[in-house]
Amino acid sequence: MAPTTDPPHTLRRVALPVTGAVAVALLVALTRAKAPAARAPRANAPAPTTAAPTATPGGCHFAVGDVRAWRLSQRMTQDGRALTALSAVLTLRATAVDATTGAVLHAATIAAVETDDEALRGQLGALRNVPFALRMGSDCTFGGAGFAASTDAAGARAVRGLVQPFEVSMPTGEAPPRWLTQQRDGTAEVSVRYQRVESGFERQRLRYVASDARSLTPEIVRSSARFAMADDGRWLASLDGVEETRLRVGEGRPAVQLRVTIELRAVPSTWTGETPAAAALAAMDFTEHALPEAPAEEATDPALALDLEPAVAHLGELFDRRHNGAAEEAVGYLVAYLRAHPERAMELLRWIRRRSYPERLGALTFFAMGRVNDPRVVEALASTAEDDGFLEGERVRAAVALSDNPGATVDHVSRLARVAERPHASGDAELVSDGALNAIGAIRARSEGPVAEAASQVLRDTLDRARTPDAQSDALDAIGNSRDTGFVPAARDALASDSPRVRESAAGALANMDDASVEAALRERLRVETDPAVSVVIVRAILTRTERRPGAETVAVAAARLPREASVDVRLALVELLGAAAVWSGDARVALAQWYPRESDARVQVAIGRYLPAESLGPAHGG
């Protein structure tokens, strides 16, 4: 649906597992830019509309001519610091219904925009009461959004980002107690669980099924949204949710935690906003509002003709504007500038090495270089990764940017390999070595031909030479990054290592490999594994590899282990595995129901309660 550079205020902006605007938020966190506290929009939304839950919601159905309006609100914080608040009224007018699929084509508008972000206010304000097209399936999912060809791309992204967090997926027949589905989030698929609750329904985003990102990995820490459907089947009556996402850089260290709170309320029929006209759809289609490789003004923008020093000053001015939207604009400018002047990339990096470059722009600069496929820029990144004169963190960023750059060659793989082989004189040196090795794995995952073969050979040689558990673990981590199924036998053998760290890394590597034998290998190790931390990683790997649909044999192993497991953390993981299978497996439901009254830890009881209806649970232990 939306492009990968959604604005920073949206839930989609938080969650997208691709290099783009999410990575910009990460860069802001890494450079510790300070953002002023955001003020919440005025609370002028009407009182919540109550809707009794129904056992047969039947998805979403509109009749041609239906007009409905909703107030949508979002608030974002970064590491506990307020960033952005936004609210607006969305109005839909049903203009056509597909007789075969039940999908509805709406003319839509936004109005009553309130936000403390100046850039966002301008983007959305320009589209106030300007119709756009929104397709909604009979299961309530969004099938596309279309804008007139003259619509500003940033405004189109902002509108999509405003609406997307409120997408739900409802059965078109009678809703079961719970169901699993996958929904689009940018270029990725997200696994989502729904269940009926007393007040209506609950939506929980679980994990990303697939990711194209190499240098950025989002982890959904918490996700919960309660919502009620409108009595007349016209989408939602209300929704309240919160999502917390932890973003990690390539070397796997926590970088930033983002929290987004969302709220939707149906506006009563007395809403006096402008109704979008059906005729306005004639100027629209459902093609994505594509972004050019470089800003459209590249040929005429005088800022692209600046010498290096004033160009860096201009970059700093862009970055220092309000919030993360300015950081995104700064990245776009630097990408365009380096495409126009790739020979200046090395000079930029020399400034960083001499400490004459603004520190707050360092991470942003490496990120932008990863998007410029020019031999001179790629060479500058490779040289930086090799150069001991740079700080260790800068060398890691250069390696990560090189792994994201499609211009990496066999020579660059060899040079990263030499960096990875250097002795570890300190913990920082080890960080550089691990970063280079993981970058080689990422290059293997996105490459073909000689480059992919060279990367695989480096990983194979590294694993063969590894003599210590730490070295073996590092090699397996990089192999997991590569997604190369040729390493399945080696990773499977490593599951039997005497070292818990090696077994943990082997399980993580197998989780990333699309091979039919992986689940069985993980299952057999889970049957005999004694280390709690390793056991949890194995369960997580099984859930990842099977896309939360473990097989019947795996369910049997988890059900047999649950009653004899002493570790609370492992029991929680086993409950999650059995709960994921409970949608289709009676054995999983029985195992959870039988264990519930014997469980002594309240956290595990609560976890079981997420997957089973209350009537199937016996009395709590000691209760």
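Miscellaneous remarks
- Residue check for E547: of a type in the set (D, E), modelled with pLDDT under 95 and within 30 Å of E189 (Cβ to Cβ): yes
- Residue that is surrounded by the fewest Cβ atoms within 10 Å (Cβ to Cβ), among those in segment 596-623 that are at pLDDT below 90 and of a type in the set (A, V, I, L, M): A614
- Of the candidates A558, A593, the single residue that is at pLDDT 90 or above and either over 15 Å from V536 (Cα atoms) or in contact with a Ser or Thr (Cβ under 8 Å, 6 or more places away or on another chain) (or both) is A593.
- Exactly one residue among R422, R397, R376, R354 is in the same structural domain as G316 (by TED's automatic domain parsing), of a type outside the set (A, V, I, L, M) and over 14 Å from V335 (Cα atoms), and that residue is R354.
- Residue in segment 550-559 that is in a loop (DSSP other than H, G, I, E, B) and without any contact (Cβ under 8 Å) to a residue 40 or more places away in the chain present: yes
- Within this structure, R571 fails the test of being exposed (fewer than 15 other Cβ atoms within 10 Å of the Cβ) and of a type outside the set (G, A, S).
- Selection of segment 228-242 for residues being part of a loop (DSSP other than H, G, I, E, B) and free of Cβ contacts under 8 Å to residues at least 24 places away in the same chain yields only D232.
- Residues that are modelled with pLDDT under 85 and either of a type outside the set (S, T, Y) or out of contact with any strand residue (DSSP E or B) (no Cβ under 6 Å at 6 or more places or on another chain) (or both) within segment 212-231 comprise D212, A213, R214, S215, L216, P218, E219, I220, V221, R222, listed in sequence order.
- Hey, T384 surrounded by 19 or more Cβ atoms within 10 Å (Cβ to Cβ), more than 22 Å from A478 (Cα to Cα) and polar (S, T, N, Q) or not: no
- Within segment 401-415, considering residues that are more than 13 Å from G362 (Cβ to Cβ) and touching a Ser or Thr at 6+ places or on another chain (Cβ under 8 Å), the one surrounded by the most Cβ atoms within 10 Å (Cβ to Cβ): S403
- Filter result for E386 (in contact with a Leu (Cβ under 7 Å, 6 or more places away or on another chain) and in contact (Cβ under 8 Å) with a residue 24 or more places away in the chain): no
- Of the strands (runs of 3 or more DSSP E) lying entirely inside segment 87-204, those containing at least 1 residues that are more than 30 Å from V583 (Cβ to Cβ) are 104-115, 132-136, 142-146.
The values are calculated or read from the model by the stated rules, or taken from the named source; none is laboratory data. Quick caveat, the model's predicted, so the values are computed rather than measured. As a convention, Cβ positions derive from the backbone with ideal geometry for all residues, glycine included, and neighbour counts pool all protein chains shown.
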